[in-house]
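What follows is a set of notes on a single structure, which appears directly below.
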Amino acid sequence: MDIKEIIEKEFGLIIQSVIILGQGLDSIAYLVNNEYIFKQSKHEEARINLKKEIQVLNYLKDKITLQIPDIEYYSEKYSVCGYKEIKGYKLTPSIYQNLSDDEKDMLAQDIALFLREMHSMTLPDIDGLELDIIDDYCSDYDVLKETIYDKIPDKSKEYIDRLYKRILNDEHIYQYVRVLCHNDLGCNHIIMGNNRAVGIIDFGDVAITDRDKDFVYLLEDSNEEIGRDFGIKILEYYNHPNKDIPILKANLNEEYYPIEQILGGQSMKLVDMYNKGLDIIKNI
């Protein structure tokens with residue numbers, strides 16, 4: 001059953017137009033009737049995450065200053081949800097560069113406010129929302145040893161062993177403040193209007209976890225993100241007690257990316273992703 005049939009059958013909404021807005025590894029997004037965003041999960045893990053996302057969005061309703069998706073439609077059977085589009089445009093590095101210094105400053109304040117509000121929430125009682133950082137790293141390490149150690153040279157194994165030893169013995173990583181995190185906050189999920197942030201979207205990775213995970217992409221220097229200076233400005237307005245720690249974690253996130261490619265490629269059977277990560281590790 002296609003998305004048009006699902007929406008009309010499940011929700012009684014008469015479809016006049018459907019446009020594919022984009023898709024990632026987990027879901028595909030549609031603009032329906034030039035008014036609603038509908039999102040459909042692409043695999044079982046994404047179905048589970050969508051259910052958690054909707055529970056969190058309902059919990060956050062009327063508690064966040066910026067706009068967030070206000071879920072009006074949800075079908076667990078088809079793993080589809082719908083909400084009115086937050087009008088505006090997605091933040092990009094080029095849009096940021098064209099802002100005035102005052103506008104850049106206000107944008108950093110907008111995002112810092114959103115994060116302070118999120119991180120100060122009483123933790124909701126939602127099944128499966130807890131994400132333990134150390135358990136995740138240990139699980140990743142075990143999978144790598146089981147699945148790729150027979151495919152990589154000794155120097156690569158030694159690098160991975162050193163990396164995990166460093167991670168698992170760093171108190172800045174295993175001692176963290178547990179909060180409700182968006183957990184995927186980058187340019188692509190910040191909606192702008194009149195050169196200000198007006199909304200935050202895509203809570204699909206939301207979790208109770210290390211608050212610093214909400215800064216790693218904001219601190220990232222890449223073609224997709226704005227850069228470290230912007231992230232540091234947000235940390236300052238957030239009043240983070242030790243800015244060096246999220247910067248350390250942002251550096252680790254960049255170093256860890258090939259491993260994420262390997263693990264993600266394995267779990268979702270994406271051969272190109274897997275091979276890209278494996279090639280980097282092999283050539284370290």
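Of note:
- For segment 120-160, the fraction of alpha-carbon pairs in successive 5 Å shells from zero, as %: 5, 18, 18, 16, 12, 9, 7, 8, 6, 1
- Rounded to the nearest Hz, the phi-derived 3J(HN,Hα) couplings of segment 221-236 under the Karplus curve 6.51 cos²θ - 1.76 cosθ + 1.60 (θ = phi - 60°) are 9, 7, 5, 8, 10, 7, x, 5, 4, 5, x, 5, 4, 5, 4, 5, where x marks glycine and proline.
- Part-to-part distance (alpha-carbon centres) for segment 227-277 and segment 20-77, which is given in Å: 24
- Three-way shape label, segment 49-124, alpha-carbon gyration tensor, a/c 1.5: oblate
- Unit Cα scatterers, Debye sum, segment 86-222: log10 I(q)/I(0) for q = 0.09, 0.18, 0.22 Å⁻¹: -0.39, -1.04, -1.27
- Only Cα pairs under 8 Å and 6+ residues apart enter the sum, and on that basis the relative contact order of segment 146-274 stands at 17 percent.
- Peptides ranked, highest mean first, by Cβ atoms within 10 Å: ranges 184-193, 237-246: 184-193, 237-246
- When you filter the GluC sites (Glu not before Pro) in segment 151-254 for DSSP loop state and at most 12 other Cβ atoms inside 10 Å of their Cβ, you are left with Glu224.
- Amide H partners (placed H, <5 Å) of Tyr73, local residues excluded: Gly82
- Put simply, the convex hull of the Cα atoms in segment 1-140 casts, on average, a shadow of 11.0 nm².
- Counting only lysines at least 8 places from Lys155 when in the same chain, those with an alpha carbon closer than 22 Å to its own are Lys145, Lys165, Lys276, Lys282.
- Loop-located trypsin sites (Lys or Arg not before Pro) in segment 140-185 (DSSP state other than H, G, I, E, B) with a sparse environment of at most 15 neighbouring Cβ atoms within 10 Å: Lys151.
- The fraction of accessible area contributed by carbon and sulfur in segment 102-202 is 43 percent, rounded to a whole number (1.4 Å probe; ligands and nucleic acids excluded).
- 13 Å cut-off, amide nitrogen to a point 7 angstrom out along Glu76 Cα→Cβ, residues in segment 109-139: 127
- Taking the alpha carbon gyration tensor of segment 1-54, multiplying each eigenvalue by 5 and rooting it gives semi-axes of 20, 13, 10 Å, largest first.
- Per the Kirkwood formula applied to alpha carbons, the chain shows a radius of gyration over Rh ratio, Rg over Rh, of 0.97.
- Label-zone membership for segment 141-177, site Asn275, 7 angstrom Cα→C-beta point, backbone N under 19 Å: 148-153
- Taking every protein chain into account, the 1.4 Å probe leaves Asp142 with about 80 Å² of accessible area, to the nearest ten.
The values are calculated or read from the model by the stated rules, or taken from the named source; none is laboratory data. Just so you know, these numbers come straight off a predicted model, no measurement behind them. Counting neighbours? That spans all protein chains shown, and the Cβs are built from the backbone with ideal geometry, glycine included. Side chains are part of the model used for accessible areas, which takes the heavy atoms of the whole protein and leaves out ligands, DNA and RNA. Shrake-Rupley method; radii C 1.70, N 1.55, O 1.52, S 1.80 Å.
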